[in-house]
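Note sheet for the following structure.
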Amino acid sequence: MASLLLLEDDTAIAEPLRYALERAGHQVTHLLLGSEVVARVAADRPDLLILDVGLPDISGFEVLARVRRESRVPVLMLTARSEEVDRMLGFELGADDYVPKPFSPREVVARVAAILRRAQALPASALAAGDIELDEVRARVTCRGTPLALTRYEYLLLAAFMRAPERVFSRGQLMEMVWSHDVSQERTVDTHIKSLRAKIREAAPDLDPIQTHRGLGYSWQP
Ligand code: CA
C-alpha cells in the first residue's frame with residue numbers, strides 16, 4: 001500500500017482512477033488545483049504523485065518544476081498532449097513516467113506499481129567515492145561537504161555509477177536502469193550527464209569523475 005497524491009481537475013477522469021487505485025490497495029488524496037500541491041507534498045510526504053498537465057490554475061509542468069525544487073517524490077504525468085516535445089519536457093523536469101490520455105485506470109495502476117517497485121529497489125545504504133558521498137536513505141548527495149541539488153534523474157544516474165565504479169555503461173543501459181521505460185531518445189541521457197557534470201564542477205572545479213567513452217557510453221572514475 002502506498003499513499004498517492006492525485007492531481008486532476010477533471011472529476012470524470014479522477015473518480016474512476018481513484019477507485020481503481022484504492023482497489024489496488026493505495027490511499028489516494030485527490031487535489032484539483034496545482035497551487036495546492038507543493039504544500040501537500042511537503043506536509044503529507046506521499047509515496048507518489050500523479051499529475052495532470054492541463055490544470056485550471058497553473059500548468060502541470062510548472063507544478064512539477066516547483067515540486068522538484070523541494071522533493072524527489074516519484075511523479076507520473078497524465079496528459080492529453082502526446083507530442084514528443086511535451087513528453088521530453090516532462091522527463092527533463094524530472095517526471096518518472098508518462099501516460100497519455102485517454103488511458104484505462106488499469107494502465108495507470110500498473111505504471112504506479114512499476115514506479116513504486118523501482119523506488120523501493122534502491123538499496124538503503126550510503127555510497128562514497130572519493131570526494132562525493134551519496135546517502136541513499138536520505139537521498140542526499142554532497143561533494144566535499146557541499147550539498148548538490150540534483151534532479152531525480154541526475155540522482156539516479158549518479159547512484160547507478162557509484163554502485164559500479166569503472167564499469168562502462170551504454171546509454172541504453174543507463175536508460176533502462178534510471179528511466180522506467182523507453183524514453184526513445186538517448187540524448188536524454190547525455191543531457192542529464194551534462195547537467196550532473198556541471199553541478200559537480202560547480203562544487204569542485206577540478207573534479208570530473210564521469211568519463212565519456214566514445215561510441216560506448218560512460219563510466220565513473222572515482
Ligand atoms: Ca485537466
Just one of (1) over 18 Å from Ala119 (Cα atoms); (2) modelled with pLDDT of 90 or more; (3) not hydroxyl-bearing (Ser, Thr, Tyr) trips up Gln185, so point out which. (2)
Quick check: is even one residue across region 106-115 surrounded by 14 or more Cβ atoms within 10 Å (Cβ to Cβ), modelled with pLDDT of 90 or more and not assigned by TED's automatic domain parsing to the domain that holds Leu21? no
Does Phe61 fit the bill of being of a type outside the set (Gly, Ala, Ser), assigned by TED's automatic domain parsing to the domain that holds Val108 and in contact with a Phe, Trp or Tyr (Cβ under 8 Å, 6 or more places away or on another chain)? no
What number goes with the only condition from (1) at pLDDT 85 or above; (2) surrounded by fewer than 17 Cβ atoms within 10 Å (Cβ to Cβ); (3) not aliphatic (A, V, I, L, M) that Asp135 does not pass? (1)
Scan region 66-79 and report the pairs whose first residue is closer than 11 Å to Val37 by Cα and whose second residue is of a type in the set (Val, Ile, Thr), with Cβ atoms within less than 9 Å and a gap of 6+ or a chain change. Arg66/Val37; Arg66/Val38; Arg66/Ile58; Val67/Val37; Val67/Val38; Val67/Val41; Val67/Val73; Val67/Val75
For region 16-69, give me the residue count where each residue is of a type in the set (Asp, Glu), within 15 Å of the ligand (Cβ to nearest atom), touching a Leu at 6+ places or on another chain (Cβ under 7 Å) and not in a strand (DSSP E or B). 1
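The values are calculated or read from the model by the stated rules, or taken from the named source; none is laboratory data. Fair warning: this is a prediction, and the values are worked out from it, not measured in the lab. Here Cβ is always computed from backbone atoms with ideal geometry, including for glycine, and neighbour counts include all displayed protein chains.
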